[in-house]
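Okay, structure first, notes after.
The values are calculated or read from the model by the stated rules, or taken from the named source; none is laboratory data. Everything numeric in this text was worked out from a predicted model, so none of it was measured. With ideal geometry, Cβ positions are generated from the backbone for all residues, glycine too; neighbour counts draw on all protein chains shown.
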Amino acid sequence: MMNVSPFFSPLARAGLFFLALLLCTALPVAAQTVPNTLEQRLKACTSCHGQGGRAAADGYYPRIAGKPEGYLFNQLKNFRDGKRTYPLMTYMVANMSDTYLAEIAHYFSDQHPPYAAPPASDATPAMLERGRILVQQGDKLQKLPACLACHGEKMTGVAPFIPGLLGLPRDYIVAQLGAWQTGTRHAVAPDCMQQIAIKLKPQDIGAVSAWLSSQNMPVNPLAVNAADIPQFKLPLACGSVPK
């Protein structure tokens, strides 16, 4: 009987298989074509903040669509420069230039997807009423100005630097007020939001966040322009607003 060539032995065939596999993996792979558009480059943003910045459904990440451009730009710089701390945001913007951050801010400020209906609130009527009073009237005894004094009569923001507070998740509002209190979020001095936040009692934070997050958006939810409000003056000198 003829001897079978070692070339065809099981061991040899296994060797040829692995050799072919190595050769295949060594061959150049055709590069995928990725659209060179700003929207494509911002997919890392929308993975948390939702398509177009409309906010995701997890109840924490804020809506950034339609926020004033100057506000978004300042916050991106604050994450980059350490005035706000959130590891994912800091990692994303750590090496971005002002020019690129301004491009991101302009893109999201120009997006206006519809708002979702606010979730049902489990807050008590008394808590909601306390929140409404703090937002609309403030508290003279605690020397707290009304939220609308800075954030606009409809609480939709005052362009170009002050954000609206409606349409934000309750947990996010609580977290940000807590961050102002502890100094993990701050602005250059005088830091008006920290001055306000440190006066808020825990029950006040709960009331404000419950009331704001339960409100329907007005018919026109866009931020008003400060230039169109001659009487608009901040109750405190605010380091978040460039002089």
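Of note:
- Some residue of the stretch 133-152 being of a type in the set (K, R) and closer than 19 Å to A175 by Cα: no
For (1) modelled with pLDDT of 95 or more; (2) surrounded by fewer than 14 Cβ atoms within 10 Å (Cβ to Cβ); (3) closer than 19 Å to Q194 by Cα, each residue gets a yes or a no:
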site	(1), (2), (3)
P118	no, no, no
A123	yes, no, no
R132	yes, no, no
D139	yes, no, yes
C150	no, no, yes
E153	no, no, no
F161	no, no, yes
P169	no, no, no
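- Those residues of the stretch 182-207 which are within 23 Å of R63 (Cβ to Cβ) and free of Cβ contacts under 8 Å to residues at least 40 places away in the same chain, in sequence order: A197, I205
- Cβ-Cβ contacts under 6 Å between residues 6 or more apart (or on different chains), taken from a first residue in the stretch 29-47 that is within 18 Å of V93 (Cβ to Cβ) and not assigned by TED's automatic domain parsing to the domain that holds F108 to a second residue that is modelled with pLDDT under 80 and among the basic types (K, R), are absent.
- Evaluation of F232 against the conditions (1) within 16 Å of the chain's Cα centre (by Cα); (2) of a type outside the set (K, R); (3) over 19 Å from G131 (Cα atoms) shows that the sole unmet condition is (1).
- Conditions (1) surrounded by fewer than 20 Cβ atoms within 10 Å (Cβ to Cβ); (2) outside any loop (DSSP other than H, G, I, E, B); number of the one not met by L222: (2)
- Exactly one residue out of V241, V135, V188 is closer than 23 Å to P118 by Cβ and either of a type in the set (D, E, K, R) or out of contact with any Asp or Glu (no Cβ under 7 Å at 6 or more places or on another chain) (or both), and it is V135.
- For the stretch 191-202, the criterion of a residue being among the hydrophobic types (A, V, I, L, M, F, W, C), under 24 Å from P87 (Cα atoms) and outside any loop (DSSP other than H, G, I, E, B) is satisfied by at least one position.
- Restricting A210, A179, A227 to those that are outside any loop (DSSP other than H, G, I, E, B), assigned by TED's automatic domain parsing to the domain that holds T124, free of Cβ contacts under 8 Å to residues at least 24 places away in the same chain and among the small types (G, A, S) reduces the list to A227.
- Residue check, A237 under 27 Å from D81 (Cα atoms) and either outside the structural domain of N78 (by TED's automatic domain parsing) or crowded, with 19+ Cβ neighbours inside 10 Å (or both): yes
- Residues satisfying the stated conditions in the stretch 129-152, i.e. in a loop (DSSP other than H, G, I, E, B) and either aliphatic (A, V, I, L, M) or touching a residue at least 24 places away in the same chain (Cβ under 8 Å) (or both): L141, Q142, K143, P145, A146, C147, G152
- Residue in the stretch 53-63 that is of a type in the set (K, R) and either surrounded by 15 or more Cβ atoms within 10 Å (Cβ to Cβ) or touching a residue at least 24 places away in the same chain (Cβ under 8 Å) (or both) present: yes
- When we screen Y115, Y100 for residues that are among the aromatic types (F, W, Y) and touching a Pro at 6+ places or on another chain (Cβ under 9 Å), the only hit is Y115.
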